[in-house]
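Structure first, then comments.
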Amino acid sequence: NAGVTQTPKFQVLKTGQSMTLQCAQDMNHEYMSWYRQDPGMGLRLIHYSVGAGITDQGEVPNGYNVSRSTTEDFPLRLLSAAPSQTSVYFCASSYEEPYNSPLHFGNGTRLTVT
Amino acid sequence: AQSVTQLGSHVSVSEGALVLLRCNYSSSVPPYLFWYVQYPNQGLQLLLKYTSAATLVKGINGFEAEFKKSETSFHLTKPSAHMSDAAEYFCAVSESSGGYQKVTFGTGTKLQVIP
């Protein structure tokens, strides 16, 4: 029962470095998404995907790229890390329909940019 | 546009006391509403969801929530708090946007349970 798996759990980057946060799910969910969680701000949607080859921007997409080549995987790329991207990142998946399908979350990646 | 407001970023209750966490929403269409719980260093887990079948929804760990359309509220309650209930709780609303599911979260309420 793997569910949603995120790697790495922790990462420290220097400003300007790039990295990819990995997310994989084994539930055959069409919908996958990335959120960032910051104190007092709840969860904010970065990017989402409703199926392989289909992605779209969420509320805070700047500085992040995504792609969806398979149903299982949805990596998040930081092209040039900035201190403002210090946050906890969560990947979540669900069935796209019905719209009352709950999200299944990974355990998060804690990113610090110095 | 949909939105969620959670009143109180921190709530403290004594062990055995009533837990009440407040959530108000706005949505242009009948909403799907959720409560999630987050324990330290973990992702969010579904506590319960409202899907219009019944206004009183029962979830895991003894929690329940009542949907009140007239008040646009979906408050979370538990009759008797347990130490293990200490966590952060998020209210969320889901609706169709441009043909796709869109989920909006509240800013969360941290529940402290005092022994």
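Structure values in brief
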item: Heavy-atom accessible surface of chain A: percent carbon and sulfur, 1.4 Å; result: 50
item: Karplus 3J(HN,Hα) series, Hz, for segment A:72-78 with 6.51 cos²θ - 1.76 cosθ + 1.60 (x for Gly, Pro); result: 7, 10, 8, x, 10, 10, 9
item: Sequence-separation-based contact order of chain A, relative, with Cα cut under 8 Å and 6+ spacing, percent; result: 35
item: Distance (nanometres) between label positions extended 7 Å along Cα→Cβ at residue B:54 and residue A:2; result: 3.7
item: Accessible area per residue, Å², the protein assembly as shown with all protein chains present, probe 1.4 Å; result: 47
item: Kirkwood Rh, Cα atoms: Rg over Rh of segment A:1-46; result: 1.01
item: Estimated D of the protein assembly as shown in µm² per second, where Rh is the Kirkwood radius over Cα pairs and Stokes-Einstein applies at 10 °C, 1.306 mPa s; result: 88
item: DSSP-assigned coil residues among trypsin sites (Lys or Arg not before Pro) in segment B:3-100, each with at most 13 further Cβ atoms within 10 Å; result: B:69
item: Those GluC sites (Glu not before Pro) in segment A:1-84 that DSSP places in a loop and that have at most 14 other beta carbons within 10 Å; result: A:59
item: DSSP-loop trypsin sites (Lys or Arg not before Pro) across segment A:3-70, with at most 10 other Cβ within 10 angstrom; result: A:14
item: Cross-link pairs A:14/B:49; B:78/B:102; B:58/B:110 - those with Cα-Cα distance over 30 Å; result: A:14/B:49
item: Segment A:47-80 and segment A:11-35: distance between their alpha carbon centers, rounded to Å; result: 8
item: Contact order normalised by residue count of chain B, Cα under 8 Å, 6+ apart, percent; result: 37
item: Relative frequency of Cα-Cα separations exceeding 18 Å in segment B:1-97, percent; result: 44
item: Per-q log10 I(q)/I(0), chain A, q = 0.20 Å⁻¹ (Debye; single scatterer per alpha-carbon; no solvent); result: -1.04
item: Buried solvent-accessible surface, both chains (B, A), 1.4 Å probe, Å² to nearest 100; result: 1900
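The values are calculated or read from the model by the stated rules, or taken from the named source; none is laboratory data. Values in this document were obtained by computation on a predicted structure and should not be read as measured data. Cβ: placed from backbone, ideal geometry, glycine included. Neighbour counts: every protein chain shown. SASA here: full protein model, heavy atoms, side chains in, ligands and nucleic acids out. Shrake-Rupley method; radii C 1.70, N 1.55, O 1.52, S 1.80 Å.
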